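Following: one structure in structure tokens, then a few remarks.
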Amino acid sequence: MQAATSAQRNEGLTALFDAARAVRDRAHAPYSRFRVGSALRDERGEIHVGCNVENAAYPVGTCAEAGAIAARMPGGGRRIAEILVCGDGAGLVTPCGACRQRIREFAGPDTPIHAAGPDRIAKTFTLAELLPESFGPETLGD
Ligand code: THU
């Protein structure tokens, strides 16, 4: 397969952003009122989405990224090529610590993680920047 041109990459990123923004509207966040949408692209180019789903028993609630990763599992590819998180915070909305580890399971150090507000992507990190010296499947060995 040929490498994507920069126009194709931009188009792909727009699709990822649009998907995360759209699914954010489906969030169930009556307690925090902080709605989050996430979209990931697997290595086959397919997009999978998730939103946060809170629960009256607070710790049972789940993050948007966890939903997107769960949606990927049944029919999706094996790897996360890139992932985007979309929320409306005062600062950057980056994945929480637990979600960084969830992403780590299926991504490499250079995997892009995009932090977006409702209108635009604010900043892009690599996984290694957000989760340096991480523990992962290969740490366990065979
Ligand atoms: N949240 C996410 O969905 N993803 C994150 O990475 C950060 C936090 C959700 C969890 C909770 O429903 C709300 O945002 C406020 O913490």
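Table: residues versus (1) assigned to a loop (DSSP other than H, G, I, E, B); (2) away from the ligand (no atom under 13 Å from the Cβ).
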residue: THR14; (1), (2): no, yes
residue: ARG33; (1), (2): yes, no
residue: GLY67; (1), (2): no, no
residue: GLY89; (1), (2): yes, no
residue: THR94; (1), (2): yes, no
residue: ALA107; (1), (2): yes, yes
| Restricting attention to the range 123-136, does a residue exist that is among the hydroxyl-bearing types (Ser, Thr, Tyr), crowded, with 17+ Cβ neighbours inside 10 Å and either within 16 Å of the ligand (Cβ to nearest atom) or outside any helix (DSSP H, G or I) (or both)? | no
| said: Under 6 Å between Cβ atoms, which residue pairs at least 6 apart in sequence (or on different chains) link something in the range 126-142 that is in contact (Cβ under 8 Å) with a residue 40 or more places away in the chain with a partner that is part of a helix (DSSP H, G or I) and surrounded by 12 or more Cβ atoms within 10 Å (Cβ to Cβ)? | reply: none
| request: Within the range 35-58, count every residue that is within 11 Å of the ligand (Cβ to nearest atom) and among the charged types (D, E, K, R). | output: 2
| Leading residue by the ranking (surrounded by the fewest Cβ atoms within 10 Å (Cβ to Cβ)) among those in the range 69-83 that are within 16 Å of the ligand (Cβ to nearest atom) and touching a residue at least 40 places away in the same chain (Cβ under 8 Å) | GLU82
| message | I want to confirm something. Restricting to the range 41-100 and keeping residues that are in contact with a His (Cβ under 6 Å, 6 or more places away or on another chain) and among the small types (Gly, Ala, Ser), which single residue is farthest from LEU130 (Cα to Cα)? | response | GLY76
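None of the figures in this text is laboratory data; all of them are computed from the coordinates on show. Note that the coordinates shown come from a computational prediction; the quantities given were computed from them, not determined experimentally. Note that we place each Cβ from the backbone using ideal geometry, even for glycine, and neighbour counts take in every protein chain shown.
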